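Some notes on the structure that comes next.
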Amino acid sequence: MVRKNNRISLIVQEGTLKNMFPDCATTRFREESLTWTCTVTPSPLSSAYELKLRYVRNKGVKVYVNDPKPLTLAAGKKHLPHVYSTPEQRLCLYYPNRIEWNVGMLYTKTIIAWACEWLCHYELWVCTGTWHGGGIHHETEAEKQANKLKEVENEPTSRKK
């Protein structure tokens, strides 16, 4: 059975965010966009992180770690795991093609909870160098450029001209 995406209005999303996180900042423009910024501590032993959630209608929701910036990398690693962008610190929290999240879900019960879970996995990764959070690997910009360079280097010399 296919679940219909009954969109939750941004005023309801904003109210739920303010209720659960009263000391956090929200900015809403009608039903077009919503930004939420808040410092969270994902577990009693965790550091504090400032998260920014940004939703724009028809473009989806994005979550960033604003602080600390840059996030510490695990020993020997050059990129954060399971992010769309290491420089932006934009977290990958769900796989859009699998329809794991939709506009009919509250941010407080999905996106923000997932971001806190991501941060717990991140802290373990910094200590161990192994990502235990699952998910799908995203090719970073540096990896894309390196792969393009390898393709060019592996082309026959007649094609390099």
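Extending 7 Å from Cα along the Cβ direction at residue 100 and again at residue 153 yields two label points whose distance is 3.3 nm. Kindly flag which residue pairs out of 18/77; 52/78; 18/59; 77/109 have an alpha-carbon separation exceeding 26 Å in this structure. Over 26 Å apart, Cα to Cα: 18/77; 77/109.
The dipole here belongs to the stretch 23-107: it is taken about the Cα centre, uses +1 on the Cβ of Lys and Arg and -1 on the Cβ of Asp and Glu, and is about 300 debye.
Which residues does the label zone of residue 29 cover in the stretch 45-89, counting backbone N under 15 Å from a point 7 Å along Cα→Cβ? Of the residues in the stretch 45-89, 54-60 have backbone N under 15 Å from the label point off residue 29.
Bear in mind that the values in this text are calculations on the coordinates, not laboratory data. Quick caveat: nothing in here was measured; it's all calculated off a predicted structure. Virtual Cβ from ideal backbone geometry, glycine too; neighbours counted across all protein chains shown.
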